[in-house]
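The values are calculated or read from the model by the stated rules, or taken from the named source; none is laboratory data. Note that the structure is a prediction, hence the values are computed from the model and not measured. In this analysis, Cβ positions are derived from the backbone assuming ideal geometry, glycine residues included, and neighbour counts consider all displayed protein chains.
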Amino acid sequence: MFGSRRCLKPLTKLYSTFSVTLKQKLHSIVPSITVPNLHLEECIWQNLEKWHDKTALVCAETNRSYTYLELYRKTNALSNFLCKFEKLKQADTVAIILPNLPEYAIILLGIIQAGCKVTTLNPLYTPGEMSRQLLYSETKAIFTTTKMCSTVQLVLQSMKLQIPIIVVREKKDSSLPNGTIYFDNVVEERFDIKFNLARNYEDTALMPFSSGTTGLPKGVEITNKALVSCIYQMSVPKFDPLSATSGSEQEVVPLVLPMFHVYGLVDILLHGLFKGCKLVTVSKFGSQAFVNLLEAHKPTVLYVVPPIFHMLLNRNEIKPSHFINTKTIVSGAAPLGGTDVNALYEKLKRQLDVLQLYGLSEVCLSHIQSSYIKGGSKAGGIGVPLPLTEAKIVSTDNGKELGANKSGELLLRGPQMFKGYYKNDSANKEAFTNDRWFKTGDIAYYDEDSHFFIADRIKNFIKVSGFQVAPAELEELIRRHPDVEDTAVIGAPHKMLGEVPKAFVVRKRHSNITSLEIQEFVKCSVVHYKQLVGGVYFVDSIPKSLAGKIQKNELKKY
């Protein structure tokens, strides 16, 4: 594909470093750190010699596992294959459409090491959702499973695209689909060579899709530098729940949160590999699968979202004995209430650390997080800014910076920030201020201890179990129905899921279409968390401003 090659030397290279010159805002209470000048794979393999024989990843369902040395060798082999692959060139986009499997790490690191960028897709996407992201990301190759391959092939046929597919077998006896490349053959390539590539730390390494603060999902360009910065920021002892592997001591961390999302991919997978953890992948999450994992692996640190936290509280089959080794639970996507945390303490008959983090795909998820300092976690709070991170609250009326205990829009800046939305100048102009502060769309405030709290939301997306759902995407879909004149979608409160989509519909004249028919129409085209669980309500008109914008606050009164 590109580049010359050379023999790999032992991992004793002394890496140069860059000092991030971002000045701390007064809201930060953590000293500055220095982030090494590394590519992502160099960051991950720094301590390979220390824990080469330790288990890096294990599949909860099959017990298939890889040591750190096996992971390193197979990553290099995959990277070598991609560098020689004539259908790819440097900076091309490669899609990963996989459930949580141990091979995810090999594929992710191998693609990035080959100088390409990764876009991650939800394996439960419908063909329409899948084709949209493949099209907008300009994908040139796809990694998927034998089980999903037929769906991927049909999607590519409908798009009239011929894209190479590399297939991971979930089971050894799975047959290899025609016209595909077998992953196991690829990772048996030579691993002791490496291609000399002209790579830049500012090159895009990862491109998940996010709705941003408004509109349809967009490609979020996250650079090598941003990923490495985020890993180092999360690894500051005052914030980090993970201890680096030492001797026989190794953290056991379940990977139940999907790796197509930045929370699972960066905060757990990459962060966990950096610290030498044993990561346990769960390909299909369910309450019984979760109980089985807890019984078999006795995790030391657990990363969750509020619906999983509530499951811990409410499922009788989940016992205190399952958490005998657990020292910390980290929750993201939405704040936990103090009553939830206290209820967990009561169920477990002991207290453990419960940390909360706040972030978005645009900032590698981590920007503000609970710490072990100055009060630790505050009920309902999201924590304090990470090192090298700037955060400020500005008035939604005039943009002026506000002081403590005053609510306004939360703006963020830091080296873990994405560089922009892929080929979308209008969205980038809307997302950033002139001096590159990112507008989160969240209403927040901070107290006298620099702890931040989310008060409300400006942005339009709906958050279902931690997943972003763009109302515009559902509105566009509903309008395709021949009996629909107009529509608007909002988020409705839900006890377990946080929010769920709720649609308001104006029927065309003489139409007798029912709510159930519209729900079924949507259900056929979107993944489960985008479905209209909040219901469909018929109205005479959709309230709009003089500028034509939907007045969603009016709809919330229904």
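Just one of Ser525, Ser450, Ser511, Ser541 is polar (S, T, N, Q), touching an Asp or Glu at 6+ places or on another chain (Cβ under 7 Å) and assigned to a loop (DSSP other than H, G, I, E, B); which is it?
On the way: Ser525 fails: touching an Asp or Glu at 6+ places or on another chain (Cβ under 7 Å); Ser450 fails: touching an Asp or Glu at 6+ places or on another chain (Cβ under 7 Å); Ser541 fails: touching an Asp or Glu at 6+ places or on another chain (Cβ under 7 Å).
None of the others qualify; the one that does is Ser511.
Only one residue in Asn196, Asn185 is free of Cβ contacts under 8 Å to residues at least 24 places away in the same chain, surrounded by fewer than 18 Cβ atoms within 10 Å (Cβ to Cβ) and assigned by TED's automatic domain parsing to the domain that holds Cys83. Which one?
Criteria check complete, one pass: Asn185.
The residue that is surrounded by the most Cβ atoms within 10 Å (Cβ to Cβ), counting only those in the stretch 312-358 that are among the β-branched types (Val, Ile, Thr) and closer than 20 Å to Met496 by Cα, is Ile329. Scoring Lys459 on the criteria (1) within 17 Å of Val363 (Cβ to Cβ); (2) part of a strand (DSSP E or B); (3) of a type outside the set (Ser, Thr, Tyr); (4) modelled with pLDDT under 90 leaves a single failure, condition (2). When the stretch 381-397 is limited to residues that are modelled with pLDDT under 90 and either outside the structural domain of Phe432 (by TED's automatic domain parsing) or under 20 Å from Lys459 (Cα atoms) (or both), the one that is surrounded by the most Cβ atoms within 10 Å (Cβ to Cβ) turns out to be Ile382. Val256: touching a residue at least 60 places away in the same chain (Cβ under 8 Å) and either of a type in the set (S, T, N, Q) or more than 17 Å from Val118 (Cβ to Cβ) (or both), yes or no? In short, yes. Just one of (1) of a type outside the set (Gly, Ala, Ser); (2) in contact (Cβ under 8 Å) with a residue 40 or more places away in the chain; (3) outside any loop (DSSP other than H, G, I, E, B) fails for Tyr558. It is (3). Residues that are of a type in the set (Val, Ile, Thr) and either under 21 Å from Ala105 (Cβ atoms) or in contact with a Cys (Cβ under 6 Å, 6 or more places away or on another chain) (or both) were ranked within the stretch 266-304; the one that is modelled with the lowest pLDDT is Val304.
Taking the conditions exactly as written (in contact (Cβ under 8 Å) with a residue 60 or more places away in the chain, in the same structural domain as Tyr529 (by TED's automatic domain parsing) and under 25 Å from Pro306 (Cβ atoms)), does Val489 satisfy them or not? Walk me through how you get there before you give the answer.
On the way: in contact (Cβ under 8 Å) with a residue 60 or more places away in the chain: no; in the same structural domain as Tyr529 (by TED's automatic domain parsing): yes; under 25 Å from Pro306 (Cβ atoms): yes.
In short, no.
The single condition from (1) in contact with a strand residue (DSSP E or B) (Cβ under 9 Å, 6 or more places away or on another chain); (2) at pLDDT 95 or above that Glu520 fails is (1).
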